[in-house]
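Below: the structure, in structure tokens.
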Amino acid sequence: MEMSDITRAIAAATSVAASLDLPANDAIVLHNSNKLALRLTPCDVLARVAHVGQEVAQLEVELAQRLAEVGCPVGALEPRVDPLVYTRDGFAVTLWIYYEPVAPHVSPVDYAKALERLHAGMRKVDVASPRFTDRIAEAEELVANPDLSPELADADRVFLGSRLGSLRRAIDDRGAVEQLLHGEPHPGNVLSTKNGPSFIDFETCCRGPVEFDLAHVPEAVCEHYPSVNQGLLDECRQLVLAMVAAWRWDIGDQFPNGRRFGEEFLRSLREGPPWPTLDTMTRRLDGL
């Protein structure tokens, strides 16, 4: 969100909390993208705030409840208030338990076991959700339309559009078993809590092969996840690189240093295998 939107979003979240008898005198920004994550104090609540119409908050609330009921390791909604989407000043606000981190990182073994439990629980939940190919189609439309991605060079536009299309066909042709997925279970969406890893942010939930989810996690996590189809995982990793590259060229993208990320992701796709994971790319670009 832009700074002016952040100020309004914080005001909306604190106003909603106060109306529910949750004292919120201060707000700490934990994450800012298309959605703002805030730690409200002293009530110690996690507020997730998005522009009305640009969020799937109702689906996220419903899914979090359903997954918790079947024992999935997910971040829980704030129990002191009704599990609803609250609207204020053009923003949709949802309230969640804030988990104090117990470790800076989740171990690959624990990460893999938690993701396996999440997938097992997701197979028990029947909710309407898009197929992962719908997200590919969105990326293809972004790349194909210069009005949406004006800074993307013509040669890069042709290359990226072609790669997105060929990967979609290759993965489809495998006919792999599909199920409900998190959509983006990368380390930024995994909390280290006293009860073990918990997944958050289900707005990208979709149906597809589990390898699509695994393409978002570190290599060491995949090594501990059972029965992975390595060929399919490689194709999904390429696909994730291509989709993230597309998002970074969106005229409305607000990701910090987004254009630099877009250029590097395109370079990695052109360089070929081994395909880097998202965390590897992030460390590389952050100079770590």
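The values are calculated or read from the model by the stated rules, or taken from the named source; none is laboratory data. Please read all numbers here as calculations on a predicted model, not as lab measurements. Neighbour counts run over all protein chains shown; Cβ positions are idealised from the backbone, glycine included. Each accessible area value is taken on the protein alone, full model and side chains, heavy atoms only, with ligands, DNA and RNA left out. Shrake-Rupley method; radii C 1.70, N 1.55, O 1.52, S 1.80 Å.
Annotations for the structure displayed:
- Each residue in the stretch 49-64 was checked for being open to solvent by less than 40 Å² (accessible area, probe 1.4 Å) and hydrophobic (A, V, I, L, M, F, W, C), and 6 pass.
- Restricting attention to the stretch 43-62 and to residues that are out of contact with any strand residue (DSSP E or B) (no Cβ under 8 Å at 6 or more places or on another chain) and assigned to a helix (DSSP H, G or I), the residue that is modelled with the highest pLDDT turns out to be Glu62.
- When each of Leu95, Leu142 is tested for being modelled with pLDDT of 95 or more, part of a strand (DSSP E or B) and open to solvent by less than 80 Å² (accessible area, probe 1.4 Å), the lone residue that passes is Leu95.
- Every residue from the stretch 7-19 that is among the hydroxyl-bearing types (Ser, Thr, Tyr), open to solvent by less than 50 Å² (accessible area, probe 1.4 Å) and within 25 Å of the chain's Cα centre (by Cα): Thr14
- Residue check for Gly258: in the same structural domain as Pro146 (by the TED database), at positive phi and without any contact (Cβ under 8 Å) to a residue 12 or more places away in the chain: no
- Residues satisfying the stated conditions in the stretch 25-35, i.e. in contact with a Ser or Thr (Cβ under 8 Å, 6 or more places away or on another chain) and surrounded by fewer than 19 Cβ atoms within 10 Å (Cβ to Cβ): Asn25, Asp26, Ile28
- Which numbered condition Cys72 fails, given (1) free of Cβ contacts under 8 Å to residues at least 40 places away in the same chain; (2) buried (at least 19 other Cβ atoms within 10 Å of the Cβ): (1)
This table checks each residue for (1) assigned to a helix (DSSP H, G or I); (2) open to solvent by 20 Å² or more (accessible area, probe 1.4 Å); (3) at pLDDT 95 or above.
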residue	(1), (2), (3)
Tyr99	no, yes, no
His105	no, yes, no
Leu118	yes, no, yes
Val125	no, no, no
Pro146	no, yes, yes
Arg157	yes, yes, yes
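- Screening Ser162 with (1) among the hydroxyl-bearing types (Ser, Thr, Tyr); (2) farther than 18 Å from Glu235 by Cα; (3) modelled with pLDDT of 95 or more gives one miss only, at (2).
- The stretch 159-171 - residue that is open to solvent by 60 Å² or more (accessible area, probe 1.4 Å) and of a type outside the set (Gly, Ala, Ser) and, of those, nearest to the chain's Cα centre (by Cα): Arg168
- Answer from Leu38, Leu46, Leu67, Leu22 - the residue that is surrounded by 14 or more Cβ atoms within 10 Å (Cβ to Cβ), more than 19 Å from the chain's Cα centre (by Cα) and not assigned by the TED database to the domain that holds Asn189: Leu22
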